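Please read the structure below before turning to the comments.
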Amino acid sequence: MKPNRKESVAPVCTKKTSTIGTITATAVAVDAPKHDEPLQNLRENVTFIGWMGIIASATLLLCSGLTMQWQHEVVRYMMLVLRKSAEMERSRAMLRRAVMTISVSAYFLSAINVLMNMFLLTGVAKLNHKLMLPWLLFHGVIFGFFGHIGLYMLVSSLLLDFKIFVLLLASFTMIIMIFYKITFEVFNLCKTIRRNSLTKEQSALNEEESKNSYLVLQSEA
């Protein structure tokens, strides 16, 4: 009979489970500085946009509130500018109604815009793209509404006077370009933050799968 020989078993490398996670985290950390600088620039730009939006909305909020408070003086001054007689009660009532409608609309839109910009700044500070979505949605609705009004004014001015049409077209073009630049910065930051969060989640899942695979191999050995 042949003597029993123990089969030589290859020694199992005794790695700690944290080693795999350390390697994965190190690989992610190597690529992190490449994306930090553009992200930081976007955050600074959007933070500036948010604070400027809050300042502009607060100023408009104050002006519209004062206009509602002093509506009689505002209407009297506008009638003098338009060279209307102060005894024309019909013109006075129509002008007062128009002033109140514009002032109330500006007041509530400014208040909502302050809230949206606060959401935007919070999203930038916490790197949460979901907090930036209300700002994009609100300004998209505002752009569509005022774009419709601007188109109506352009068509009306074209029928009245070509010089007014050219002036309005140049003004609206400049406003649209500024609005596009601001909205693109916010959208680009929102997209970048969302992509980074998805990358981190995928890295965490890969790390967990690597740990589980190593534990299975270690138990089988």
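The values are calculated or read from the model by the stated rules, or taken from the named source; none is laboratory data. Predicted, not measured: the structure shown is a model, and the values here were computed from it. Methodologically, a virtual Cβ is constructed for each residue, glycine included, from the backbone with ideal geometry; neighbour enumeration extends over all protein chains shown.
Does residue 124 satisfy being surrounded by 16 or more Cβ atoms within 10 Å (Cβ to Cβ), in a helix (DSSP H, G or I) and at pLDDT below 90?
No, not satisfied.
One residue is enough: does the range 165-179 have a residue meeting the conditions more than 20 Å from residue 57 (Cβ to Cβ) and either touching a Ser or Thr at 6+ places or on another chain (Cβ under 7 Å) or not in a helix (DSSP H, G or I) (or both)?
Scanning the range 165-179 turns up at least one residue that is more than 20 Å from residue 57 (Cβ to Cβ) and either touching a Ser or Thr at 6+ places or on another chain (Cβ under 7 Å) or not in a helix (DSSP H, G or I) (or both).
Under 6 Å by Cβ, and 6 or more places apart or on different chains, what pairs join a residue from the range 118-147 that is within 24 Å of residue 36 (Cα to Cα) and of a type in the set (Gly, Ala, Ser) with one that is part of a helix (DSSP H, G or I) and at pLDDT 90 or above?
123/131; 123/132
Every residue, every condition in (1) modelled with pLDDT of 75 or more; (2) loosely packed, with under 15 Cβ neighbours inside 10 Å, yes or no:
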position: 34; (1), (2): no, yes
position: 43; (1), (2): yes, no
position: 48; (1), (2): yes, yes
position: 52; (1), (2): yes, yes
position: 64; (1), (2): yes, no
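Any residue that is closer than 28 Å to residue 167 by Cβ and touching a residue at least 24 places away in the same chain (Cβ under 8 Å) - is there at least one of those in the range 82-100?
Within the range 82-100 (the criterion being closer than 28 Å to residue 167 by Cβ and touching a residue at least 24 places away in the same chain (Cβ under 8 Å)), the answer is yes, since at least one residue qualifies.
Out of the range 38-60, which residues are without any contact (Cβ under 8 Å) to a residue 60 or more places away in the chain and in contact with a Leu (Cβ under 9 Å, 6 or more places away or on another chain)?
In the first step, residues of the range 38-60 are kept if they are without any contact (Cβ under 8 Å) to a residue 60 or more places away in the chain; the result is 40-41, 44, 48, 52, 55-56, 58-60.
The one that is without any contact (Cβ under 8 Å) to a residue 60 or more places away in the chain and in contact with a Leu (Cβ under 9 Å, 6 or more places away or on another chain): 60.
Looking at 108, 119 in this structure, which one is hydrophobic (A, V, I, L, M, F, W, C), modelled with pLDDT of 90 or more, under 30 Å from residue 46 (Cβ atoms) and more than 19 Å from the chain's Cα centre (by Cα)?
Going through 108, 119 in turn, just one is hydrophobic (A, V, I, L, M, F, W, C), modelled with pLDDT of 90 or more, under 30 Å from residue 46 (Cβ atoms) and more than 19 Å from the chain's Cα centre (by Cα): 108.
In the range 172-194, what residues are without any contact (Cβ under 8 Å) to a residue 24 or more places away in the chain, of a type outside the set (A, V, I, L, M) and either closer than 15 Å to residue 133 by Cα or surrounded by fewer than 13 Cβ atoms within 10 Å (Cβ to Cβ) (or both)?
If the condition is that a residue be without any contact (Cβ under 8 Å) to a residue 24 or more places away in the chain, of a type outside the set (A, V, I, L, M) and either closer than 15 Å to residue 133 by Cα or surrounded by fewer than 13 Cβ atoms within 10 Å (Cβ to Cβ) (or both), then 173, 180, 181, 184 are the ones that fit.
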